[in-house]
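The values are calculated or read from the model by the stated rules, or taken from the named source; none is laboratory data. Worth saying up front: this structure is predicted, and the values here are computed from it rather than measured. A quick note on method: Cβ atoms are made from the backbone with ideal geometry, for glycine too, and the neighbour counts reach across all protein chains shown.
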Amino acid sequence: MKTKKASFTLLETIVTIAIYAVMLLMITNIVILNAKLNEQMKMRTRIRNELSQISSSIKRDVRNADSINPDECQSTRCLITISGSVINWNLDANKLTRTANSTPTEITADYLIIDSVNFSAIAEPDRNNTKVTIILTIMAKGKNEAWNINNQVVQDIISIRNFDLNP
């Protein structure tokens, strides 16, 4: 008597390979998408950190200022005096620069495009001293369009007292 050996037919083998191929393709697409999203999140974090550092540098300069002319701290630039040195923060061609003693230093990272910077200084005389409030708004985006990182906004309010207010 002949016994039949259990085995897979060619059709069953092809169907199984096709199912595994589809599953492998789906898993590969998920891994690729995950890698892209991870890169996008990393760049978004880097851009936010960079904007935070820029804002902190501006706040430090403003708080260390000996004098501020509110009329010269408007729109895309802010002139302040620290220990006799004139510091100029200025937006030029999507890059933020800090000029001290006629030496410009580009502050913006290579992967960042600053769309706008707005300084708005308001002088508020009070009884004992003068108070200046500077509203700083920075809007930026990632340089690489594939990151899809747009409209990153940092806004700070810097209030300072006890310095000379230049008219």
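Couple of notes before you dig in:
- Qualifying residue in the stretch 127-137 (condition: in a strand (DSSP E or B), of a type outside the set (S, T, N, Q) and in contact with a helix residue (DSSP H, G or I) (Cβ under 8 Å, 6 or more places away or on another chain)): yes
- Only one of Thr99, Thr108, Thr137 that is in contact with a Lys or Arg (Cβ under 6 Å, 6 or more places away or on another chain) and either of a type in the set (S, T, N, Q) or farther than 25 Å from Ser67 by Cβ (or both): Thr108
- The set of residues from the stretch 133-158 being surrounded by 14 or more Cβ atoms within 10 Å (Cβ to Cβ), farther than 18 Å from Trp89 by Cα and modelled with pLDDT under 90 comprises just one member, Trp147.
- Residue within the stretch 15-25 that is on the phi < 0 side of the Ramachandran plot, surrounded by 11 or more Cβ atoms within 10 Å (Cβ to Cβ) and not aromatic (Phe, Trp, Tyr) present: yes
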